[in-house]
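All remarks here apply to the structure that follows.
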Amino acid sequence: MPVKNRFAELHDDITGWRRDIHQNPEILFETHRTSALVAEKLREFGCDEVVEGIGRTGVVGVIKGTTIGSGKVIGLRADMDALPIHEQTGLDYASKTDGAMHACGHDGHTAMLLGAAKYLSETRNFDGTAVVIFQPAEEGGGGGKEMCDDGMMERWGIQEVYGMHNWPGMPVGSFAIRSGAFFAATDTFDIALEGLGGHAAKPSETIDTTVMASHLILALQTIASRNADPIDQIVVSVTSFETSSKAYNVIPQGVHLKGTVRTMSIKMRILAEERIMAICKGTAATFGGSAEVTYQHGYPVMVNHPEQTEFAADVARSVSGSCAEAALVMGGEDFAYLLEERPGAYILVGNGDTAMVHHPKYNFDDSAIPAGCSWWSEIIEQRMPSAR
(Lines give C-alpha, C1' and ligand atoms only; values in the text may rest on other atoms or scores of the structure.)
Protein backbone atom coordinates (compact mmCIF):
# COMPACT_ATOMS: atom_id res chain seq x y z
CA MET A 1 0.00 0.00 0.00
CA PRO A 2 1.83 3.16 -1.14
CA VAL A 3 1.10 6.69 0.05
CA LYS A 4 -2.65 7.26 0.12
CA ASN A 5 -4.09 9.36 -2.72
CA ARG A 6 -6.25 11.23 -0.23
CA PHE A 7 -3.17 12.81 1.33
CA ALA A 8 -2.00 14.04 -2.06
CA GLU A 9 -5.39 15.74 -2.35
CA LEU A 10 -5.07 17.20 1.16
CA HIS A 11 -1.41 18.15 0.80
CA ASP A 12 -2.00 21.87 0.23
CA ASP A 13 -4.40 22.08 3.18
CA ILE A 14 -2.05 20.23 5.54
CA THR A 15 0.89 22.34 4.36
CA GLY A 16 -1.15 25.45 5.11
CA TRP A 17 -1.88 24.26 8.65
CA ARG A 18 1.79 23.45 9.15
CA ARG A 19 3.03 26.84 7.95
CA ASP A 20 0.46 28.68 10.04
CA ILE A 21 1.68 26.82 13.13
CA HIS A 22 5.27 27.52 12.07
CA GLN A 23 4.62 31.26 11.93
CA ASN A 24 3.15 31.23 15.43
CA PRO A 25 5.49 29.10 17.58
CA GLU A 26 4.71 28.54 21.25
CA ILE A 27 7.10 27.18 23.87
CA LEU A 28 6.60 24.42 26.45
CA PHE A 29 3.07 24.49 27.93
CA GLU A 30 2.21 27.88 26.39
CA THR A 31 0.70 26.26 23.29
CA HIS A 32 -2.62 28.05 23.70
CA ARG A 33 -3.06 29.16 20.10
CA THR A 34 -1.82 25.86 18.67
CA SER A 35 -3.99 23.81 21.02
CA ALA A 36 -7.06 25.88 20.13
CA LEU A 37 -6.33 25.44 16.41
CA VAL A 38 -5.96 21.67 16.85
CA ALA A 39 -9.20 21.39 18.82
CA GLU A 40 -11.06 23.49 16.25
CA LYS A 41 -9.84 21.30 13.40
CA LEU A 42 -10.71 18.05 15.19
CA ARG A 43 -14.25 19.27 15.83
CA GLU A 44 -14.51 20.40 12.21
CA PHE A 45 -13.42 16.92 11.09
CA GLY A 46 -16.23 15.35 13.11
CA CYS A 47 -14.26 13.57 15.83
CA ASP A 48 -16.55 11.80 18.29
CA GLU A 49 -14.95 13.55 21.24
CA VAL A 50 -12.48 16.41 21.61
CA VAL A 51 -11.05 17.26 25.03
CA GLU A 52 -8.74 20.16 25.80
CA GLY A 53 -6.62 20.82 28.87
CA ILE A 54 -5.11 17.35 29.29
CA GLY A 55 -1.60 17.84 30.67
CA ARG A 56 -2.38 21.57 30.97
CA THR A 57 -2.60 22.44 27.27
CA GLY A 58 -2.77 19.04 25.58
CA VAL A 59 -5.62 18.05 23.26
CA VAL A 60 -7.14 14.60 22.74
CA GLY A 61 -9.47 13.58 19.91
CA VAL A 62 -11.42 10.32 19.73
CA ILE A 63 -12.41 8.72 16.41
CA LYS A 64 -14.52 5.57 16.44
CA GLY A 65 -14.36 3.13 13.57
CA THR A 66 -17.36 1.96 11.58
CA THR A 67 -17.44 -0.84 14.15
CA ILE A 68 -15.82 -1.09 17.57
CA GLY A 69 -16.37 -4.77 18.22
CA SER A 70 -12.66 -5.47 18.47
CA GLY A 71 -12.50 -3.37 21.63
CA LYS A 72 -9.09 -2.10 20.54
CA VAL A 73 -8.01 1.46 21.37
CA ILE A 74 -4.82 2.85 19.83
CA GLY A 75 -3.20 6.20 20.55
CA LEU A 76 -1.27 8.31 18.04
CA ARG A 77 0.80 11.15 19.47
CA ALA A 78 2.25 14.35 18.00
CA ASP A 79 4.08 17.14 19.86
CA MET A 80 3.13 20.81 19.42
CA ASP A 81 5.75 22.99 21.14
CA ALA A 82 8.55 25.06 19.65
CA LEU A 83 12.06 25.95 20.85
CA PRO A 84 13.52 29.19 22.29
CA ILE A 85 15.63 29.79 19.18
CA HIS A 86 15.65 32.84 16.89
CA GLU A 87 14.81 31.66 13.37
CA GLN A 88 17.33 32.33 10.57
CA THR A 89 15.66 30.61 7.60
CA GLY A 90 14.47 33.71 5.76
CA LEU A 91 11.29 31.88 4.75
CA ASP A 92 8.20 33.87 3.83
CA TYR A 93 6.37 31.94 6.56
CA ALA A 94 9.13 32.28 9.16
CA SER A 95 8.35 32.70 12.84
CA LYS A 96 6.66 35.97 13.75
CA THR A 97 7.77 35.58 17.38
CA ASP A 98 11.27 36.75 18.25
CA GLY A 99 13.26 34.12 20.08
CA ALA A 100 10.92 31.23 19.27
CA MET A 101 10.79 28.88 16.28
CA HIS A 102 9.74 25.40 15.25
CA ALA A 103 13.32 24.18 14.98
CA CYS A 104 12.44 20.53 15.59
CA GLY A 105 9.53 19.99 13.22
CA HIS A 106 6.76 19.71 15.77
CA ASP A 107 4.71 21.91 13.45
CA GLY A 108 5.05 19.14 10.86
CA HIS A 109 4.18 16.41 13.35
CA THR A 110 1.04 18.26 14.44
CA ALA A 111 -0.05 18.97 10.87
CA MET A 112 0.52 15.36 9.76
CA LEU A 113 -1.49 13.95 12.66
CA LEU A 114 -4.27 16.45 11.90
CA GLY A 115 -4.21 15.21 8.31
CA ALA A 116 -4.48 11.60 9.48
CA ALA A 117 -7.30 12.55 11.86
CA LYS A 118 -9.23 14.16 9.01
CA TYR A 119 -8.84 11.06 6.85
CA LEU A 120 -9.78 8.65 9.67
CA SER A 121 -12.83 10.75 10.53
CA GLU A 122 -13.93 10.64 6.89
CA THR A 123 -13.39 6.94 6.23
CA ARG A 124 -13.62 5.19 9.63
CA ASN A 125 -12.46 2.04 7.85
CA PHE A 126 -11.38 0.26 11.01
CA ASP A 127 -12.82 -1.78 13.88
CA GLY A 128 -11.96 -0.03 17.11
CA THR A 129 -11.11 3.43 18.42
CA ALA A 130 -8.32 5.81 17.40
CA VAL A 131 -7.18 8.38 19.96
CA VAL A 132 -5.16 11.27 18.52
CA ILE A 133 -2.94 12.93 21.13
CA PHE A 134 -1.51 16.43 20.70
CA GLN A 135 1.06 17.08 23.39
CA PRO A 136 2.68 20.28 24.69
CA ALA A 137 6.11 20.66 26.26
CA GLU A 138 8.15 17.90 24.69
CA GLU A 139 11.21 20.16 24.61
CA GLY A 140 12.20 19.75 28.23
CA GLY A 141 8.85 20.25 29.97
CA GLY A 142 7.72 16.64 30.23
CA GLY A 143 4.31 17.25 28.68
CA GLY A 144 3.94 13.55 27.93
CA LYS A 145 4.28 12.73 31.61
CA GLU A 146 1.78 15.45 32.51
CA MET A 147 -0.79 14.00 30.10
CA CYS A 148 -0.25 10.50 31.52
CA ASP A 149 -0.47 11.85 35.08
CA ASP A 150 -3.80 13.43 34.09
CA GLY A 151 -5.09 9.90 33.50
CA MET A 152 -5.12 10.01 29.70
CA MET A 153 -4.36 6.32 29.21
CA GLU A 154 -7.02 5.15 31.65
CA ARG A 155 -9.67 7.70 30.66
CA TRP A 156 -9.75 6.54 27.04
CA GLY A 157 -8.61 2.97 27.62
CA ILE A 158 -5.57 3.33 25.36
CA GLN A 159 -3.92 -0.06 24.82
CA GLU A 160 -1.05 0.83 22.48
CA VAL A 161 0.58 4.12 21.49
CA TYR A 162 2.65 5.21 18.49
CA GLY A 163 4.80 8.27 17.84
CA MET A 164 6.79 9.76 14.96
CA HIS A 165 9.62 12.26 14.49
CA ASN A 166 11.04 13.74 11.32
CA TRP A 167 14.76 13.19 10.76
CA PRO A 168 17.09 15.31 8.62
CA GLY A 169 19.64 13.33 6.63
CA MET A 170 17.19 10.56 5.74
CA PRO A 171 15.53 10.65 2.30
CA VAL A 172 12.18 12.43 2.39
CA GLY A 173 9.38 10.01 3.19
CA SER A 174 11.67 7.11 4.14
CA PHE A 175 11.44 5.45 7.55
CA ALA A 176 13.78 4.07 10.21
CA ILE A 177 13.16 2.42 13.57
CA ARG A 178 14.82 0.22 16.16
CA SER A 179 13.52 -2.07 18.90
CA GLY A 180 14.50 -1.60 22.54
CA ALA A 181 16.40 1.41 23.83
CA PHE A 182 16.25 4.12 21.15
CA PHE A 183 16.52 7.63 22.66
CA ALA A 184 18.65 8.37 25.73
CA ALA A 185 17.80 9.34 29.28
CA THR A 186 18.53 13.05 29.76
CA ASP A 187 19.78 14.10 33.19
CA THR A 188 21.33 17.42 34.20
CA PHE A 189 23.69 18.60 36.91
CA ASP A 190 24.70 21.86 38.60
CA ILE A 191 28.02 22.00 40.46
CA ALA A 192 28.83 24.86 42.84
CA LEU A 193 32.55 24.96 43.66
CA GLU A 194 33.74 27.03 46.62
CA GLY A 195 37.33 28.00 47.22
CA LEU A 196 39.11 31.09 48.54
CA GLY A 197 39.20 34.09 46.27
CA GLY A 198 42.00 36.60 46.11
CA HIS A 199 44.40 38.60 44.00
CA ALA A 200 45.52 36.91 40.79
CA ALA A 201 49.11 37.97 41.53
CA LYS A 202 49.06 36.01 44.81
CA PRO A 203 47.63 32.55 43.92
CA SER A 204 49.41 30.98 46.89
CA GLU A 205 47.04 32.86 49.19
CA THR A 206 43.94 31.46 47.44
CA ILE A 207 42.15 28.22 46.77
CA ASP A 208 41.78 28.63 43.03
CA THR A 209 38.36 27.50 41.87
CA THR A 210 39.20 27.94 38.17
CA VAL A 211 42.01 25.37 38.44
CA MET A 212 39.75 23.17 40.57
CA ALA A 213 36.97 23.37 37.98
CA SER A 214 39.35 22.68 35.09
CA HIS A 215 40.64 19.51 36.71
CA LEU A 216 37.06 18.50 37.54
CA ILE A 217 35.86 18.87 33.95
CA LEU A 218 38.63 16.59 32.74
CA ALA A 219 38.04 14.12 35.57
CA LEU A 220 34.35 13.84 34.70
CA GLN A 221 35.32 12.49 31.27
CA THR A 222 36.82 9.43 32.97
CA ILE A 223 33.28 8.24 33.73
CA ALA A 224 32.90 7.34 30.07
CA SER A 225 36.53 6.33 29.46
CA ARG A 226 37.30 4.43 32.67
CA ASN A 227 34.11 3.67 34.66
CA ALA A 228 31.63 2.66 31.97
CA ASP A 229 31.73 -0.62 30.11
CA PRO A 230 33.04 0.28 26.63
CA ILE A 231 29.99 -1.29 24.97
CA ASP A 232 27.57 0.89 26.99
CA GLN A 233 26.54 4.31 25.72
CA ILE A 234 27.13 7.34 27.91
CA VAL A 235 27.81 11.03 27.33
CA VAL A 236 28.89 13.42 30.10
CA SER A 237 29.13 17.02 28.89
CA VAL A 238 29.93 20.15 30.90
CA THR A 239 28.16 22.90 28.99
CA SER A 240 28.58 26.02 31.16
CA PHE A 241 31.52 27.43 33.20
CA GLU A 242 30.72 30.60 35.12
CA THR A 243 32.98 32.26 37.71
CA SER A 244 31.90 34.59 40.49
CA SER A 245 34.24 37.29 39.16
CA LYS A 246 34.64 38.78 35.69
CA ALA A 247 37.81 40.72 36.52
CA TYR A 248 41.22 40.05 34.93
CA ASN A 249 43.08 40.22 38.23
CA VAL A 250 40.81 38.28 40.60
CA ILE A 251 40.86 34.58 41.40
CA PRO A 252 37.15 33.87 41.95
CA GLN A 253 35.71 32.61 45.19
CA GLY A 254 33.31 30.34 43.34
CA VAL A 255 32.65 28.59 40.05
CA HIS A 256 29.32 27.26 38.79
CA LEU A 257 29.32 24.40 36.27
CA LYS A 258 26.33 23.01 34.39
CA GLY A 259 26.04 19.95 32.22
CA THR A 260 24.09 16.99 30.96
CA VAL A 261 24.37 13.21 31.13
CA ARG A 262 22.95 10.91 28.43
CA THR A 263 22.63 7.17 29.06
CA MET A 264 20.86 4.18 27.52
CA SER A 265 20.29 1.97 30.57
CA ILE A 266 19.20 2.24 34.19
CA LYS A 267 22.51 0.69 35.27
CA MET A 268 24.56 3.34 33.45
CA ARG A 269 22.26 6.12 34.66
CA ILE A 270 22.87 5.13 38.30
CA LEU A 271 26.61 4.75 37.72
CA ALA A 272 26.90 8.21 36.16
CA GLU A 273 25.16 9.93 39.07
CA GLU A 274 27.25 8.10 41.67
CA ARG A 275 30.52 8.87 39.93
CA ILE A 276 29.70 12.55 39.36
CA MET A 277 28.98 12.96 43.06
CA ALA A 278 32.18 11.19 44.10
CA ILE A 279 34.46 12.90 41.55
CA CYS A 280 33.14 16.36 42.42
CA LYS A 281 33.59 15.91 46.15
CA GLY A 282 37.02 14.28 45.75
CA THR A 283 38.42 16.79 43.26
CA ALA A 284 37.26 19.78 45.29
CA ALA A 285 38.76 18.31 48.45
CA THR A 286 42.08 17.67 46.69
CA PHE A 287 42.40 21.41 46.08
CA GLY A 288 41.15 22.39 49.53
CA GLY A 289 37.73 23.51 48.37
CA SER A 290 34.21 22.12 48.44
CA ALA A 291 31.55 21.07 45.91
CA GLU A 292 27.78 21.05 46.12
CA VAL A 293 26.11 18.99 43.41
CA THR A 294 22.47 19.17 42.33
CA TYR A 295 21.58 16.25 40.08
CA GLN A 296 18.25 16.28 38.25
CA HIS A 297 16.70 13.26 36.54
CA GLY A 298 15.17 14.21 33.19
CA TYR A 299 13.45 12.04 30.61
CA PRO A 300 13.96 8.29 30.99
CA VAL A 301 15.37 6.08 28.25
CA MET A 302 12.81 5.73 25.46
CA VAL A 303 12.33 2.01 24.85
CA ASN A 304 10.41 0.68 21.85
CA HIS A 305 8.45 -2.51 22.50
CA PRO A 306 9.48 -5.42 20.20
CA GLU A 307 6.08 -6.52 18.84
CA GLN A 308 4.85 -2.98 18.22
CA THR A 309 8.20 -2.01 16.66
CA GLU A 310 7.98 -4.82 14.13
CA PHE A 311 4.40 -3.86 13.34
CA ALA A 312 5.35 -0.19 12.93
CA ALA A 313 8.19 -1.22 10.60
CA ASP A 314 5.84 -3.40 8.55
CA VAL A 315 3.47 -0.44 8.18
CA ALA A 316 6.38 1.77 7.10
CA ARG A 317 7.41 -0.81 4.50
CA SER A 318 3.84 -0.89 3.19
CA VAL A 319 3.92 2.90 2.78
CA SER A 320 7.44 3.51 1.42
CA GLY A 321 8.73 0.08 0.39
CA SER A 322 11.41 -0.16 3.08
CA CYS A 323 12.24 0.64 6.69
CA ALA A 324 15.84 0.99 7.84
CA GLU A 325 17.40 0.05 11.17
CA ALA A 326 17.79 3.35 13.03
CA ALA A 327 20.92 4.23 14.97
CA LEU A 328 20.82 4.96 18.69
CA VAL A 329 20.00 8.59 19.45
CA MET A 330 21.64 10.25 22.45
CA GLY A 331 19.04 13.00 22.41
CA GLY A 332 16.01 12.68 24.67
CA GLU A 333 12.33 12.20 23.88
CA ASP A 334 9.47 12.36 26.38
CA PHE A 335 7.43 9.86 24.38
CA ALA A 336 9.41 7.62 26.76
CA TYR A 337 6.78 8.32 29.43
CA LEU A 338 3.97 7.07 27.17
CA LEU A 339 5.95 3.92 26.36
CA GLU A 340 6.41 3.29 30.09
CA GLU A 341 2.61 3.37 30.42
CA ARG A 342 1.65 1.31 27.36
CA PRO A 343 3.34 -0.85 24.70
CA GLY A 344 4.09 0.98 21.49
CA ALA A 345 6.77 2.26 19.14
CA TYR A 346 8.37 5.45 17.88
CA ILE A 347 9.56 5.83 14.28
CA LEU A 348 11.64 8.32 12.27
CA VAL A 349 10.45 9.74 8.93
CA GLY A 350 12.96 11.28 6.55
CA ASN A 351 13.17 15.07 6.24
CA GLY A 352 15.79 15.13 3.47
CA ASP A 353 18.92 17.22 3.17
CA THR A 354 18.07 19.96 5.66
CA ALA A 355 19.72 21.57 8.66
CA MET A 356 19.61 19.32 11.71
CA VAL A 357 16.88 19.75 14.29
CA HIS A 358 17.49 22.47 16.92
CA HIS A 359 19.35 24.57 14.34
CA PRO A 360 18.14 28.14 13.54
CA LYS A 361 18.04 27.29 9.81
CA TYR A 362 16.13 24.01 10.18
CA ASN A 363 12.82 23.67 8.33
CA PHE A 364 10.35 20.81 8.06
CA ASP A 365 10.08 19.50 4.49
CA ASP A 366 6.42 19.58 3.47
CA SER A 367 6.98 16.88 0.87
CA ALA A 368 7.22 14.39 3.76
CA ILE A 369 3.57 15.04 4.70
CA PRO A 370 1.89 12.32 2.55
CA ALA A 371 4.20 9.58 3.84
CA GLY A 372 3.78 10.65 7.46
CA CYS A 373 0.00 10.91 7.22
CA SER A 374 -0.20 7.55 5.46
CA TRP A 375 1.84 5.87 8.20
CA TRP A 376 -0.37 7.32 10.93
CA SER A 377 -3.58 6.20 9.24
CA GLU A 378 -2.22 2.77 8.30
CA ILE A 379 -1.26 2.12 11.93
CA ILE A 380 -4.97 2.36 12.71
CA GLU A 381 -6.34 0.55 9.67
CA GLN A 382 -3.83 -2.32 9.78
CA ARG A 383 -3.88 -2.78 13.57
CA MET A 384 -7.68 -2.65 13.71
CA PRO A 385 -8.85 -3.94 10.31
CA SER A 386 -12.47 -3.33 9.48
CA ALA A 387 -14.89 -6.09 10.49
CA ARG A 388 -16.93 -5.54 7.32
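Structural remarks
- For the listed peptides 135-141, 165-171, a ranking on the average number of other beta carbons within 10 Å per residue, highest first, reads 135-141, 165-171.
- D (Stokes-Einstein, µm²/s), Kirkwood Cα radius, the range 1-64, 0.890 mPa s at 25 °C: 186
- Viscosity 1.567 mPa s, 4 °C: Kirkwood-radius Stokes-Einstein D of the chain over Cα pairs, µm²/s: 58
- Counting only alpha carbon atoms, the long axis of helix 306-320 and the longest principal axis of the chain meet at about 60°.
- Of all accessible heavy-atom area on the range 94-165, the percent that carbon and sulfur account for (1.4 Å): 39
- Separation of the range 86-160 from the range 336-388 is 10 Å, based on Cα centroids.
- Using the alpha carbons alone, the radius of gyration of the range 257-388 stands to its Kirkwood radius in an Rg to Rh ratio of 1.13.
- Percent of C-alpha pairs per 10 Å bin, the range 112-197, short to long: 11, 29, 35, 13, 6, 4, 1, 0
- Think of the chain as a dipole: +1 on every Lys or Arg Cβ, -1 on every Asp or Glu Cβ, centred on the Cα centre; then among 32, 172, 73, 172 lies furthest on the positive end.
- Taking every C-alpha pair closer than 8 Å and separated by at least 6 residues, the mean separation divided by the residue count of the chain gives a relative contact order of 25 percent.
- Site pair residue 325 and residue 20 shows an inter-label distance of 4.4 nm when each label is modelled 7 Å from Cα along Cα→Cβ.
- Report note on the peptides 375-382, 21-28, 154-161, 200-207: ranked by the mean count of other C-beta atoms within 10 Å, highest first, their order is 375-382, 21-28, 154-161, 200-207.
- Rounded percent of accessible protein surface that carbon and sulfur make up, the range 312-388, 1.4 Å probe: 49
- Percent of beta bridges antiparallel (DSSP, the chain, rounded to nearest 5): 65
- Cα-only Debye scattering, the range 172-253: base-10 log of I(q)/I(0) at q = 0.13, 0.21, 0.24, 0.26 Å⁻¹: -0.61, -1.02, -1.16, -1.25
- Largest-first ellipsoid semi-axes for the range 43-165, taking √(5λ) over the Cα gyration tensor eigenvalues, angstrom: 29, 17, 11
- Simple Cβ-charge dipole of the range 1-148, Lys/Arg +1 and Asp/Glu -1, about Cα centre, in debye nearest 20: 520
- If the convex hull is drawn through the Cα atoms of the range 144-294, its volume per residue in Å³: 177
The values are calculated or read from the model by the stated rules, or taken from the named source; none is laboratory data. Just so it is clear, the structure is predicted and the values come from calculations on it, not from any experiment. Every residue, glycine among them, receives a Cβ derived from its backbone with ideal geometry; neighbour counts consider all protein chains shown. Note: accessible area is taken over every heavy atom of the protein model, side chains too, but ligands, DNA and RNA are not part of it. Shrake-Rupley method; radii C 1.70, N 1.55, O 1.52, S 1.80 Å.
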